[in-house]
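Engineer: The structure follows.
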Amino acid sequence: MRESRESNREMSARLLSLDARVSKVNETVSNMSAQLDANNRKTDALECDVETVKQFIAADKGSKQAYTFIISIVSAITAVTALLISL
């Protein structure tokens, strides 16, 4: 009977120890999950920033093409004007 009580106490102590370990693991998992969520939000924000930069670069390329076209027209007009003046 006495051995049974001691065995029960030992088992209770082990269960309490295991419970504490499980609680610690659960807390760690919860913290890691929160960190992953935060990292996912940062990744989403960076992906939005990358898309914005891509759109800006595309618009900038379009602007450069338009400026090049305008400069070509102005150069052609200048050449024609110079030709007409020289006649």
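The values are calculated or read from the model by the stated rules, or taken from the named source; none is laboratory data. Since the model is a prediction, treat every value here as computed from it, not as a measurement. Backbone-built Cβ (ideal geometry, glycine too); neighbour counts: all protein chains shown. To get the accessible areas, we keep the full protein, side chains included, count just its heavy atoms, and leave off ligands, DNA and RNA. Shrake-Rupley method; radii C 1.70, N 1.55, O 1.52, S 1.80 Å.
Rundown of residues vs (1) surrounded by fewer than 10 Cβ atoms within 10 Å (Cβ to Cβ); (2) at pLDDT below 85; (3) of a type in the set (Val, Ile, Thr), yes/no style:
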position: Arg5; (1), (2), (3): yes, yes, no
position: Asn31; (1), (2), (3): no, no, no
position: Gln35; (1), (2), (3): no, no, no
position: Ile77; (1), (2), (3): no, no, yes
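Engineer: Please tell me if Glu10 is free of Cβ contacts under 8 Å to residues at least 40 places away in the same chain, open to solvent by 100 Å² or more (accessible area, probe 1.4 Å) and more than 45 Å from the chain's Cα centre (by Cα).
Structural biologist: yes
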